[in-house]
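Input: a single structure, listed below in structure tokens.
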Amino acid sequence: MENLLFYVMAAGAVAGALGVVLARNPIASVLALLACFFCLATIYLVAGFQLLAAAQILVYAGAILVLFLFVIMLLNLGQAGPLPKVDREMFRRRRSTLSIAVAAALLLAAAIAVSGFREVTALAALPVHGLDTPAMLAATLFRRYALPFEAISLLLLATAVAVVVLAKRSRAPQAGSRDGDEA
Amino acid sequence: MHDHAWLWLLPAAPLLGSAICGVLHFRTLAARRKDAGAEGSGRLAATIAVLAMAAALGLSLLGLRTLSGMPAEERVLQSPAWSWIRTGEFPIDLALVLDPLSSVMTLVITGVGLLIHIYATGYMKGDRGYAKFFAYMNLFVFAMLLLVLSSSLPGLFIGWEGVGLCSYLLIGFWYEKGWPAEAGQKAFVMNRVGDACFLLGTFLLAKTLGTLDIGAIVAAVPGAASVPALSSRLALAGLLLFAGACGKSAQIPLFTWLPDAMAGPTPVSALIHAATMVTAGVYLLARLNPLYAASPGLMLFVASVGAVTALVAGSSALLQRDIKKVLAYSTVSQLGYMFLALGSGAFAAAIFHLVTHAFFKALLFLGAGSVIHGLHDEQDMHRMGGLARRMPHTFATFLAGAAALSGLPLTSGFFSKDEILSAACANGGAYWVLWVVGLLTAALTAFYTWRMVALTFFGRERFDPERVHPHESPSVMTAPLWILSVLAVLGGALGLPAVSRLPHLIGRWLAPVIEPGLRLIAARQGGAEHLSAGIEWSLLGLGALIALVFAHKGFRACDDGPAFDEAVARAQPLLARFLDDAWGFDRFYQRWIVQPLVLAGFAIAVVVDQFAIDGLVDGAGTLARRLGARARSMATGQIAAYGLWMGAAAALIAIFFLLRGT
Amino acid sequence: MTVPNGHLLLLAAALFAVGVAGFLLRRNVIVVLMSIELMLNAANLSFLAGSRMHALSSPGGIPDPQGPVFAIFVIVVAAVEAAVGLALVIAMYRHKRSVSLDELGELKG
């Protein structure tokens, strides 16, 4: 039963991914990505990674995609109107063939590499609290990976500062008002 | 016996003098740039240089006295050695050795050198490079002293090269005129050819005998020469060293630089190209006499080259118009006599002639310089004449020198030349031919010498009395002339012939040094060759006769001007040109060696250097630039393009790992 | 769930490939950023697949905790990168009034 769910969700994820790439309207891309994330979260859940599934929804779908949506709305990019659903224009360019070839090559390589993993070992019963219990994650995260954890927090701080600086509207100095405190 | 460190003072004195004069020269240049007067430093330079020479002479005399106070077999003073090259099995040390032969050389170098330096203080007066001149001269004496005092062949070679360098510097002293610079270069390059042979000979000796210390070589040669495998190698080494001597001492085929070297100031010609540098080759062979005595073929070769050179040069002097060129060819000719002596086994006679030649040839050059100076740089004898009245001192001393050169009886040149010819005659066989050649050359020598005297000092005054006012030279120039003339006339006392039963001073003095060679010759021939007393006296008489007859002929032919020369030129124009060109040697070299080399050089400069090498180097640069331009076109600034490259590379890596099966 | 791990990895590869294609093909900067998110998710899935494999092959069914931990790191980094990227998009829009990648060619050599 869960296997079936997996395959369905897998198909959904791929469809969502394709939607991101092919859609003309950026808002449609965002929504496709959302669908993809949901499918992925389900897959994580079915595989026994409960915390990760929650994190996926909370952070990815709930924060990052919202951010994308904000920016699209801010810049007024999502024009509705007589636009084709699929962006056909991108295929007409010179490098499109090459790009698709590259992607296909990667896929093929991975497929061949993976073709060896055929064993179906039974993990019949998943533990109740999942494969990634908070205790287990915490034990690793705060002990062995304490330093990267702190570094990540620093990274977040830096990002916050950087985003503010980057997105700030730079005001041209106005002639006549030379207040030294103005940045 | 190794603690005579004071020997180092001998070359050090002129070296110091040279350094001081050099400094003074630079001060003069600086003062001249600021337009300040700098005449004082010129006089100071001259004084320092002369003092340095005097000091060197004093030390030479001290050495002579020390040596003469020692028993004959032990007459060697050695200075402490300075280790120069320390390789495992072949250390090369520099040390100075004073023995009878080197003491004779140092006396000649410093004695005649001192007189020439004094003369030069007057001759070079007013020259812009006065201090520089004395710096070079002292430097030369330093190098020459190193040459004759060195205890090893590498040390000798240092001096050898040093005198070559100073010769180049002094020949080209007036380089602004153009041709002296070329003459200096010609001298240097020809010397280089000889030097290359010298070095090869040295290497061969080192390989064969395992040492380059001269004393050790001299001691080892007699033993090694008896080994058949080694004797041919030793003979080859001797031949190569002789080739080096030919370059330095201007023998065929490397003699054409000497007449051109007359472009330098006359004191230079006197010191370097008459008395000292050109005698370095003679010294070398005398020093290594066992090496040559061991090979009779080599000895005959040396003697033949000397004799032929003497003839060729002597004949070339017959029709020269430039007074210095006559003396130049004469020098080459007399050097040929010295090598004839060496090749005949008469080592002492060669050195004796070296000494007398230094006296009278320096005298003649200085006298010619006096004439040139008095006539305001006129060197063409056709424009001289009648100077006997105007320049009495120069005239008298010049006569003495001419007498000695032509070998008039009882002069120093008479005795030394006769000894050489007797030695050649005594050897018999092929040497008789050489003896005849020597006699012929003696006749030529007398002829051209007195032709020179006649044209210069007798007859009508052919110079322009408006422009030229000949006057006697100042006493600072004539005093050395008088001293040298006394030596030229009386110097024969150093080597009176054996038949006269009077002592041969030089022969006795040099005996310890030349004895190894003489012994080898005697062993081969079974006893020394001796001419009977009767033949010896006849030879003396024959020499005197030839000298007197041909001197008279030469004098009479030219005592009323250039009529003789013009007659010969009209009657035998080809012969006249042939002799004037010194038998065409120079023209031959010019056409067959110099010009092809210049063409080859030009070809290499254009083809190889410009096309190939520059093309390669520039091409590398151009290639880099073009590749860069090509690569630059990849930087479109389009992120997607970069992404494509990255993606393609990632895909390739993935496939690579896949195939590798990691 | 008894899906072989290979299938999980294949799914990850497919998502990654689509992400690469989107990254290379699209002109809209924001969609490019979204393609990058897609690729990061594919990586996440691979990490978890690896952890699961550890669980499958170990006797007690114990997963390798580093899988989920790295996945968490990846999520954080993805968030950060999306934030900075979008800030840059805003700045770029202010200058050029466009979010097309074609306009961004000023670093060309």
Checklist entry - Which value, in Å to one decimal place, does the Kirkwood hydrodynamic radius take for chain C when every pair of different Cα atoms is included? => result 15.8 Å
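Rounded, prolate or oblate: which one fits segment B:152-206, using the alpha carbon gyration tensor with axes a ≥ b ≥ c (rounded when a/c is under 1.5, else prolate when a/b beats b/c, else oblate)? Write down the numbers at each step before the final one.
Numbers: a/c = 7.29, a/b = 2.40, b/c = 3.03.
Oblate is the answer for segment B:152-206, as a/c is 1.5 or above yet b/c matches or exceeds a/b.
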Checklist entry - At what distance in angstrom do the alpha carbon centres of segment B:273-319 and segment A:1-18 lie from each other? => result 111 Å
Checklist entry - If we restrict to alpha carbons, what Rg and Dmax does the protein assembly as shown come to, in Å? => result 51.2, 146
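Looking only at Cα atoms, what is the convex hull volume of chain B per residue, in Å³?
Numbers: hull volume 166.0 nm³, N = 662.
Roughly 251 Å³ of hull volume per residue.
Looking at the P(r) of segment B:280-324, how many percent of alpha-carbon pairs lie beyond 16 Å? Intermediate values should be presented prior to the final figure.
Values: 527 of 990 pairs.
Every Cα pair in segment B:280-324 considered, those over 16 Å come to 53 percent.
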Next on the checklist: Please give the Cα centre distance for segment B:613-659 versus segment B:61-116, rounded to the nearest Å.
Outcome noted: 73 Å
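Report the per residue volume, in Å³, of the convex hull enclosing the C-alpha atoms of segment B:373-455.
Numbers: hull volume 8.2 nm³, N = 83.
Spelled out: Cα convex hull of segment B:373-455, divided by residues, is 99 Å³.
Using the Cα centre as the reference, give the magnitude of the dipole from point charges on the C-beta atoms of the protein assembly as shown (Lys, Arg: +1; Asp, Glu: -1; all else neutral), rounded to the nearest 20 debye.
Working: 66 positive and 53 negative charges, 433 e Å.
Computed about the Cα centre, the dipole is about 2080 debye.
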Item to check | Overall dimensions of segment B:1-92 by Cα: Rg and Dmax, Å | outcome: 19.5, 61
Checklist entry - If you take the charge dipole of segment B:449-496 about its Cα centre, with +1 on Lys and Arg Cβ and -1 on Asp and Glu Cβ, which of B:V468, B:W450, B:W482 is farthest toward its positive end? => result B:W450
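Are any of the pairs B:K125/B:K324; B:K132/B:K325; B:K34/B:K177; B:K177/B:K361 more than 23 Å apart by Cα-Cα distance, and if so, which? Display every interim value, and only then the final one.
On the way: B:K125/B:K324 20 Å; B:K132/B:K325 25 Å; B:K34/B:K177 25 Å; B:K177/B:K361 26 Å.
Among B:K125/B:K324; B:K132/B:K325; B:K34/B:K177; B:K177/B:K361, the Cα-Cα distance tops 23 Å for B:K132/B:K325; B:K34/B:K177; B:K177/B:K361.
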Checklist outcome for this item: The answer for the net charge of residues other than B:A341 whose Cβ lies under 12 angstrom from its Cβ, with Lys and Arg +1 and Asp and Glu -1, is -1
Next on the checklist: Would segment B:249-318 count as rounded, prolate or oblate if I go by the C-alpha gyration tensor, calling it rounded below 1.5 in a/c and otherwise prolate when a/b exceeds b/c, oblate otherwise?
Outcome noted: oblate
Checklist entry - Going toward the positive end of the dipole of the protein assembly as shown, with +1 on Lys and Arg Cβ and -1 on Asp and Glu Cβ, which of A:M1, B:W592, B:H552 do you reach last? => result A:M1
Next on the checklist: Give me the dipole magnitude in Debye, nearest 20, for chain B about the Cα centre, with unit charges on the beta carbon: positive for Lys and Arg, negative for Asp and Glu.
Outcome noted: 1080 debye
Checklist entry - Across segment B:116-129, in residue order, what do the Karplus-derived ³J(HN,Hα) couplings come to in whole Hz, using 6.51 cos²θ - 1.76 cosθ + 1.60 with θ = phi - 60° and x for Gly and Pro? => result 5, 4, 4, 4, 5, 4, x, 5, 8, 4, x, 6, 5, x
Checklist entry - Across bins of 10 angstrom width beginning at 0, how are the C-alpha pair distances of segment B:343-495 distributed, in whole percent? => result 12, 37, 29, 16, 6, 1
Next on the checklist: Just to confirm the number: angle between the C-alpha axis of helix C:29-57 and the first principal axis of chain C, 0 to 90 degrees, nearest 10?
Outcome noted: 10 degrees
Checklist entry - Radius of gyration and Dmax for segment B:111-270's Cα atoms, expressed in Å? => result 18.2, 62
Item to check | Amide H contacts of B:W84 (H built 1.01 Å from N, under 5 Å, at least 5 apart or other chain) | outcome: B:I92, B:D93, B:L94
Item to check | Top positive-direction residue, dipole computed over segment B:140-279 with Cβ charges, set B:G194, B:T256, B:L205 | outcome: B:L205
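Laboratory data are not the source of any read-out in this text; all were calculated from the coordinates shown. Fair warning: this is a prediction, and the values are worked out from it, not measured in the lab. Here the Cβ is made from the backbone with ideal geometry for all residues, glycine too, and neighbour counts use every protein chain on show.
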